[in-house]
1. If you plug each phi of segment B:279-289 into the Karplus form 6.51 cos²θ - 1.76 cosθ + 1.60 with θ = phi - 60°, what whole-Hz ³J(HN,Hα) values come out, in order, with x for Gly and Pro?
2. Under 13 Å from the Cβ of B:VAL368, count the other residues' Cβ atoms, weight Lys and Arg +1, Asp and Glu -1, and hand me the total.
3. Over all distinct alpha-carbon pairs, what is the Kirkwood Rh of the protein assembly as shown in angstrom?
4. From the backbone phi of segment B:149-165, what are the Karplus-calculated ³J(HN,Hα) couplings (6.51 cos²θ - 1.76 cosθ + 1.60, θ = phi - 60°) in whole Hz, Gly and Pro given as x?
5. Over the whole of B:284-294, what's the average partner chain Cβ count within 10 Å per residue? Rounded to a whole number, please.
6. Check B:ILE493: other-chain or 5+ apart residues with amide H under 5 Å from its amide H, H built from backbone geometry?
7. Between B:THR491 and B:ASP215, with labels modelled 7 Å along Cα→Cβ, what's the label distance in nm to one decimal, could you check?
8. From the Cα gyration tensor of segment B:347-464, with a ≥ b ≥ c the square roots of its eigenvalues, which class applies: rounded if a/c is under 1.5, or else prolate if a/b is larger than b/c, or else oblate?
Amino acid sequence: MAEHLPDAAKRAERSDHSPWNWLLLLPLAVTLYPPLYNRESPDLFGIPFFYWYQMVAIGIGVTCTIVVYRMTRR
Amino acid sequence: MFDNVNAVQLTVFTVLFVAVSALGFVAARWRRPDDLEHLDEWGLGGRNFGSWITWFLIGGDLYTAYTFVAVPALVFGAGAIGFFAVPYTIVVYPIVFLVLIRLWSVSHVHGFVTPADFVRARHGSSTLALLVAITGIIATMPYIALQLVGIEAVLKAMGVTGHVPIIVAFTILAAYTYNSGLRAPALIAFVKDILIYLVIIVAVIVIPYKLGGWDEIFGAAEAKFAASPNPGDGVLLAGPSQLQYATLAFGSALALFLYPHSITGVLAARDRNVIKRNMAALPAYTFILGLLALLGYMAIKAEIVPLGADKATGNPGDGNTIVPLLFDQMFPSWFAGVAFAAIGIGALVPAAIMSIAAANLWTRNIYVEYINKNATPKQEAKSSKLASLVVKVGALAAILALDPQFSIDLQLIGGIIILQTLPAVVLGLYTRWFHRWGLIAGWAAGMVVGFWATYQIQQKIFNADGTITIKKEHFGGSGFPLEKLGFDTTTVIYAGFLALVANLIVCALATLLFRAMKVPDGEDATQHSEYFADQGDPRLRDLPEIVH
C-alpha cells in the first residue's frame, strides 16, 4: 500500500504498535504474584510446586515472546 | 599457596583457562575489521553480531560467575527467597522486548555507544548525561570486582590460596580485552556457555541420583530450615517475604538492561530482529539458572560445610564456596576441573564486557564531553582501551586491598542506583514530557532514598536460644522493612523499588514545577521515526550533510 511513497515517508509510518504486544504482560502476571504458587503440592518427582511451577513459567515467557516476535515481524 | 591442591583439577582448569585466553587474543582477527582503532569496532564489535553470537554474548554477560556461585549460596542459606533469580530472569525479557528495539534503532541512527549518549541527545542536557554515565560506572565497578570473588571461590575449593593466581588471571584478561575489544568476550562466551550447559546438565542428573532423589534433597532442606531459628528462611516463602520476592524480581528485572554492559551487548547486535529473537531465546539461561539454584539444596543434603564455617562461633563461612565444594565431592577430579573452569571462564566474559562498557562511558560522556571535545575516532578508541585497564586494576585493588564484603555491599547498592537512571533512559525513549531538571531532581531523590533505605537495613543472625545478633548494622541486604516508614506490618520490600517510586514522584512534581517556572526545556536531537529504524536504513553518521 505504501509502495508509492518515498523512503522517508515509509519510515515515518513505521511503529511498533500491535495488539499482540499485550501478550508480553502474561509472563509478568503468572510470576509476580507469589501467593499464586507459594505452596508445596502438587509436587513433581519430589520437587515442590513452588519450584517446578516457576520452571514451567520460563516456558510461558518464551512462548509469549516468540508469538509476539512472529506476529509482529515485518 | 598450593597446599592440599588437587593436581588433576588444577591441571584441567589451567589448560582450559590458557586455551580460552589464547582465543581471546586471536579474537582480534575474528570478523576482522579494516580498523580496530574505532569505538564501533573495539567497543561494539563492529555493531554487526548476528543472533547466535548475540545470544552467547548477552547470555555470557548477564549470567555471570558471581551469579553462579551466589544464587545457590543464597538458596543454601535462606531457601525460597534465593529462587527470585528465576522470576527475575523470566520477566525481564518481555519487559524490555519493546524498549530495547527502540533504543537500538535510535542508537543505530545516531551512532550512540552508551545509554548516556542517548540521554544527552534526547534531553539536551550534558549534566543529566554525566549523571547517567557516572551512575553506570559506579554500578559496574563492584560488579567487575565480584567476578573475582567467583574465581576466588573456585580457586579456594581447589586448595589454591593467595592472591597471585587471581592477579595473573586478571592481567591476562586485561591484555586481551585491550587487544581485541568486544570480540574477545564474544568469542570466549561460546566456550564458557557450552561448558556451563554441560556441567549443569550433568550436575542435575548425577547429583540427585547420588543423593537419593529430589524427595530426599527437599526433605533435608525442610529439616534444616525447620531447625533454624530464622523465621525468614524455608523451602517456601514466609508471609512477609512474598512482597519482597516479587518486588526484588521486578526491580532487578527493570535494572538489568540499564546496566551499561547489558546495553553494550544489545547495541552490538546487527538488527532489530536479532534482539527480538534473543529476547525469546535468552530464557534458556534462566532454565540453567533455576537448576543451579537447586544446587543449594543439594549442598544441604550432601552436608556441605562452607569454607571458613565454624559452629562454635556461629560463623556461617564463605557461602560462595558451596557449589565448588559440592562439585568437588560429587564429581571425579577431572570433571570437577571442567566445572571449575566453566565458572572461572564464566567470570572472564562479563568482566571483559563490563570493563568495555564502563570504558565507553568514560570516553563518550566524560573524555569527549569535557576533556577532548574534538577527539578523533582513533583517540576515542585509545581512551577506551586505556580506561578498560584502569577499571580492571581498580576492581582488582578493591578485592585485594579492601574486604570483599565492600564490593558485595557496593554491588547491592549498584542495582539500586542503576535503577535510578530508568526515567531518563527508558521513559525518555517513549516521552519527552519530563523536564530535564525534573529528571535530575528525580535521580537525586532516588539516590538519597536508595542509600537511606539500604543504610537502615540490618543483617541479623538468629541464634538457637531465640536471641538475635546484629551482624551488620547497615547495608545488610536489600529487603527494606516497611515498618521503618511507620506502617504497622512485618512486610519487606526491595529497597531499589522504593527508591524508584520516590524518583518517579519527584520527576513528575519537579517537571510541573520547572514548567510553571518557565525554565527552558532541553533540545531533542532525535526524531520520532528514528525509534523504528532498522538495518539497511541510512545512518545519520553515514550522512554527515544531514546532521549539519
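1. So the J values, rounded to whole Hz, are 5, 7, 9, 5, x, 4, 5, 4, 4, 4, 5.
2. Around B:VAL368, the surrounding residues sum to +2.
3. About 25.0 Å, per the Kirkwood formula over Cα pairs.
4. Values, residue by residue: 4, x, 5, 5, 4, 5, 4, 4, 5, 7, x, 8, 10, x, 9, 4, x Hz.
5. Working: counts 2, 1, 6, 4, 0, 1, 6, 1, 0, 2, 3.
The per-residue average across the peptide is 2.
6. B:PHE480, B:LEU482
7. Placing both labels 7 Å beyond Cα along the Cβ direction yields 3.9 nm.
8. Details: a/c = 2.66, a/b = 1.20, b/c = 2.22.
Here segment B:347-464 falls in the oblate category.
All of the numbers you see were taken from the coordinates with simple rules; none came from a lab. These numbers come from a predicted model, not from an experiment. Reconstructed Cβ throughout: ideal geometry from the backbone, glycine too, with neighbour counts over all protein chains shown.
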